[in-house]
Amino acid sequence: MNILDITIREARPEDLFYIVELEEKTFGPDAFGFNHVFYLFEKCRDYFLIADYKGLLVGYIVSCRESEEELHVHSIAVVEWFRGKGVGRRLMEETINLARQRGLRRIRLEVKTENVAAIKLYEKLGFVRKDILRNFYEDRSDAYVYLLTL
Ligand SMILES: CC(C)(COP(=O)(O)OP(=O)(O)OC[C@H]1O[C@@H](n2cnc3c(N)ncnc32)[C@H](O)[C@@H]1OP(=O)(O)O)[C@@H](O)C(=O)NCCC(=O)NCCS
């Protein structure tokens, strides 16, 4: 696999089924169901991105504008067999570029405190840990709040 064969593009309606499947496989009880994915697609389409490898959906990211200044990342996931190849970084970098171009001031996200891979990715891209939210997830585990100032 060559990372150059990955295209980052806007999501289309026909991607939603695959996104729900990826959510279920990745997040279990915390996964977004179809209705929520569809709601995000309708509301936040301009920050709903797909990583496409030769026609296969291998990752996605969705973020929503919370105010004039802030973007909130709701979910990012890469299919298991494509992880560690730079896809997550490409999805997040593209989101950061879009937010910058559109004049936003910061990006916020939550991540499980034990999710080392995601935390490393965010810190590499300049996100800074700001807070901890107790019992944030379905299994009552905690979340860190990360912020990137643009
Ligand atoms: C988190 C996730 C999106 C990262 O995507 P990815 O394509 O695997 O990550 P990349 O290959 O782009 O890696 C980018 C950086 O993240 C870090 N990273 C990625 N996987 C890592 C791992 N298993 N352990 C430690 N650091 C890791 C590294 O710093 C890496 O930089 P490097 O390549 O210069 O070493 C992916 O692992 C995933 O889908 N995980 C399950 C879902 C999830 O946890 N989502 C986040 C919820 S907040």
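The values are calculated or read from the model by the stated rules, or taken from the named source; none is laboratory data. Because the structure is a prediction, the values reported are computed rather than measured. Neighbour counts run over all protein chains shown; Cβ positions are idealised from the backbone, glycine included. Quick note on the areas: whole protein, heavy atoms, side chains included, nothing else; ligands and nucleic acids left out. Shrake-Rupley method; radii C 1.70, N 1.55, O 1.52, S 1.80 Å.
Laid out as a table, the results:
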read-out: Cα-centre dipole for the chain with unit charges at Cβ (Lys and Arg positive, Asp and Glu negative), debye to 20; value: 560
read-out: Exposure of F136 as accessible area (Å², to 10), given a probe of 1.4 Å and all protein chains; value: 90
read-out: Simple Cβ-charge dipole of region 81-129, Lys/Arg +1 and Asp/Glu -1, about Cα centre, in debye nearest 20; value: 120
read-out: Along each principal axis, Cα extent of the chain, largest first, Å; value: 39, 36, 30
read-out: For the chain, accessible area per residue (1.4 Å probe, heavy atoms of protein chains only), Å²; value: 56
read-out: Given charges at beta-carbon only (K, R positive; D, E negative), |dipole| of region 13-72 in Debye; value: 220
read-out: Other-chain or far-sequence residues with amide H under 5 Å of L150's (modelled H); value: R106, I107
read-out: Estimated vicinal HN-Hα couplings, Hz - region 112-125 in sequence order (Karplus 6.51, -1.76, 1.60; Gly, Pro = x); value: 4, 4, 9, 7, 4, 4, 5, 4, 4, 4, 5, 5, 4, 8
read-out: Potential extension, E69-R140 segment - 0.36 nm per residue separation minus Cα distance; value: 22.6 nm
read-out: Around P13: net Lys/Arg minus Asp/Glu count, Cβ-Cβ under 13 Å; value: -2
read-out: Carbon/sulfur fraction of accessible area - the chain, other protein chains in place, 1.4 Å, %; value: 48
read-out: Those trypsin sites (Lys or Arg not before Pro) in region 1-89 that DSSP places in a loop and that have at most 10 other beta carbons within 10 Å; value: K54
read-out: Region 96-126 versus region 15-50: alpha-carbon centroid distance in Å; value: 18
read-out: Listed residues E23, E70, E93, E42 arranged by accessible area, highest first, probe 1.4 Å; value: E42, E93, E70, E23
read-out: Estimated distance in nm for a label pair at W81 and R12, the labels positioned 7 Å out from Cα along Cα-to-Cβ; value: 2.3
read-out: Under 22 Å, Cα to Cα: Lys pairs in the chain, sequence gap 8 or more or different chains; value: 12
read-out: Accessible area, probe 1.4 Å, largest first, for residues L56, L40; value: L56, L40
read-out: ³J(HN,Hα) computed for each position of region 129-141 - Karplus, 6.51 cos²θ - 1.76 cosθ + 1.60, integer Hz, glycine/proline x; value: 6, 10, 6, 10, 10, 6, 6, 6, 9, 3, 7, 6, 7
read-out: Dipole of the chain, positive end: most advanced residue of I76, Y122, V111 [Cβ charges, Cα centre]; value: Y122
read-out: Three-way shape label, region 94-150, alpha-carbon gyration tensor, a/c 1.5; value: prolate
read-out: Per-residue ³J(HN,Hα) for region 74-79, Karplus 6.51 cos²θ - 1.76 cosθ + 1.60, θ = phi - 60°, Hz, x for Gly and Pro; value: 8, 7, 9, 8, 10, 4
